[in-house]
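Undergrad: The structure's right below; bear with me while I get my questions together.
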Amino acid sequence: MTSRYVKPTFAILAALALSLAFAARTIAAPAAGLNWEVHGTGSGSASLTGVSSSGPAMPQHVGNATYSLSLSMPGTVGTNGVGGACEFITGIGSVTAADGSTISFATVGTLCNEAGIISVLHYNGTYRITAGDGRFVGVAGGGSLTATFGSTHFIKIDGTITGI
């Protein structure tokens with residue numbers, strides 16, 4: 001003979017165990033980051049001693065925006081094997097949404113020209129998000145940053161961002 005309370009009690013205990021298991025899994029899961037890409041075209045000045053570039057950009061998860069990039073503090077210069085030169089360089093940049101909210105980043109990489117003194121420059125580096133304001137307060141992330149500086153500047157930021 002079983003009590004009429006056994007089945008309802010068992011159902012409540014099973015539901016409680018399932019909810020505790022789900023809560024533990026949710027707490028233990030790391031914060032997922034979003035794939036983030038920014039594509040921009042712009043203009044500015046560019047030489048092996050530094051770059052200043054800005055223009056319109058279309059980043060994922062942000063909407064219409066602008067970018068700015070400043071590479072400076074030149075380091076060691078060496079040849080790149082195709083008649084050009086490369087140098088290690090660092091810099092800062094930002095992506096500003098239409099509402100004025102900004103994501104700022106630091107970058108480090110190599111800046112190379114194709115051949116000779118006057119040619120298109122290429123930047124290959126990494127970036128780390130250093131700050132955000134407005135709707136981007138608390139964002140974090142990083143990834144790769146590539147750019148080509150010719151008559152038109154092309155920039156691509158690719159990586160992970162959290163906190164949006």
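For every residue, the table says whether it meets (1) surrounded by 15 or more Cβ atoms within 10 Å (Cβ to Cβ); (2) modelled with pLDDT of 95 or more; (3) more than 27 Å from Thr162 (Cβ to Cβ).
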site: Val51; (1), (2), (3): yes, no, yes
site: Met58; (1), (2), (3): no, no, no
site: Val62; (1), (2), (3): yes, no, no
site: Tyr67; (1), (2), (3): yes, yes, no
site: Ser70; (1), (2), (3): yes, yes, no
site: Pro74; (1), (2), (3): yes, no, yes
site: Gly81; (1), (2), (3): no, no, yes
site: Ala85; (1), (2), (3): yes, no, yes
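Undergrad: Also, I was wondering about something else. Kindly list, by first and then second residue, each pair from a residue in segment 33-46 that is assigned by TED's automatic domain parsing to the domain that holds Pro59 and surrounded by fewer than 14 Cβ atoms within 10 Å (Cβ to Cβ) to a residue that is of a type in the set (Val, Ile, Thr) and outside any strand (DSSP E or B), limited to pairs with Cβ atoms under 6 Å and residues at least 6 apart or on different chains.
TA: Listed pairs, sorted by first residue: none to list.
Undergrad: Let me ask you something else. Assess whether Asn113 counts as being modelled with pLDDT under 95 and in contact with a strand residue (DSSP E or B) (Cβ under 6 Å, 6 or more places away or on another chain).
TA: Numbers: modelled with pLDDT under 95: yes; in contact with a strand residue (DSSP E or B) (Cβ under 6 Å, 6 or more places away or on another chain): yes.
It is true that Asn113 is modelled with pLDDT under 95 and in contact with a strand residue (DSSP E or B) (Cβ under 6 Å, 6 or more places away or on another chain).
The values are calculated or read from the model by the stated rules, or taken from the named source; none is laboratory data. The model shown is predicted, which means the values in this text are computed figures rather than measured ones. Every residue, glycine among them, receives a Cβ derived from its backbone with ideal geometry; neighbour counts consider all protein chains shown.
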